[in-house]
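Contents: one structure, followed by commentary.
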Amino acid sequence: MAELDVKKSVKAQNDEIAEKNREIFRKSGALVVNLMGSPGAGKTTLLEHVLPRLAKKLNVAVIEGDVATDNDAKRIAKTGVTALQIETGGACHLDATMIGKRLGEVNVEKLDLLLIENVGNLVCPAGFDLGEDLRIVVLSLPEGDDKPEKYPAAFLRADWVALTKTDLAPYVGADIGRMKESLARINPMAKAFCCAFQKGEYEDGGLSDGLIRLAEAKRK
Ligand code: MG
Ligand code: ZN
């Protein structure tokens, strides 16, 4: 029982700070996306490819969450987009306090879109509201087409799901149709985008257009 109480208060505290973050984002008119998925799902690769498209229309910044290293922030910075690294030093998810503390560094009042790449982990990031408007889970086909049903919490609260590495279907024994069915059983409302290389080009299945539309609708 005592353990349950502690858990509850951690969650309640996080929710309170997430609401404060959300109020800051509401005032600034910035659309905020919490991007989650397993290590190696292709979250940073997806960002590298959609950021140039987004940056043509929007003032955008990225916060990278990792247990260690600033490798991903360096990769993002190469696209020309402002990238801030949060190294959690062991924590396996970002929380609302970590985000709130660093908002000054991304010039949040000037932003149209803030993309937060969570720590690679398909389990607990889903339990921590950061104050975001939109949750996108990145799921790669090589992880297996049954993952939505095996890790329901992440998908239950996803607004959108980016299905990546779908071009590897012939090599990994996983099926995109079965993956979509698994997702639909857990969350029929989640919109799926196929994000993968096709004939040498990275296709995002309309993901960047969707983000531009939502960010323009919230922009002040
Ligand atoms: Mg990454
Ligand atoms: Zn965690």
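Only the coordinates and a few stated rules stand behind these numbers; no lab work does. Note that the coordinates shown come from a computational prediction; the quantities given were computed from them, not determined experimentally.
Things worth noting here:
- With all pairs of different C-alpha atoms in the average, the Kirkwood value for the hydrodynamic radius of the range 140-180 is 10.5 Å.
- Only helices enter the 222 nm calculation for the chain: every DSSP H run of n ≥ 4 contributes -39,500 (n - 2.57), and dividing by all residues gives -12000 deg cm²/dmol, rounded to 500.
- Per residue, the average separation of C-alpha pairs within less than 8 Å and at least 6 apart gives the chain a relative contact order of 25 percent.
- Phi angles across the range 99-109 convert, under the Karplus curve 6.51 cos²θ - 1.76 cosθ + 1.60 with θ = phi - 60°, into 3J(HN,Hα) values of 6, x, 5, 9, 5, x, 6, 9, 6, 4, 5 Hz, Gly and Pro given as x.
- Cross-link pairs exceeding 26 Å in C-alpha to C-alpha distance, out of 56/101; 57/147; 43/101; 74/150, comprise 56/101; 57/147; 74/150.
- Residues whose amide H lies under 5 Å from that of residue 86, counting only those 5 or more places away or on a different chain, are 64, 65, 66; hydrogens are built 1.01 Å from N in the peptide plane.
- Normalised per residue, the volume of the convex hull around the Cα set of the range 26-111 (Å³): 96 Å³
- Net length gained if the chain between residue 184 and residue 123 were fully extended (0.36 nm per residue, minus Cα distance): 20.1 nm
- Both radii were evaluated on the Cα set of the chain; the Rg over Rh quotient, with Rh as the Kirkwood radius, amounts to 0.96.
- Per-residue 3J(HN,Hα) values for the range 30-39, derived from phi via the Karplus relation 6.51 cos²θ - 1.76 cosθ + 1.60 with θ = phi - 60°, read 8, 6, 10, 10, 9, 9, 10, x, 5, x Hz in sequence order (x marks Gly and Pro).
- Of all DSSP beta bridges in the chain, antiparallel share, percent nearest 5: 10 percent
- For residue 197, residues with placed amide H under 5 Å, excluding near neighbours: 165, 167, 203
- Value of relative contact order over the range 135-220, rounded to a whole percent, pairs C-alpha under 8 Å and six or more apart: 30 percent
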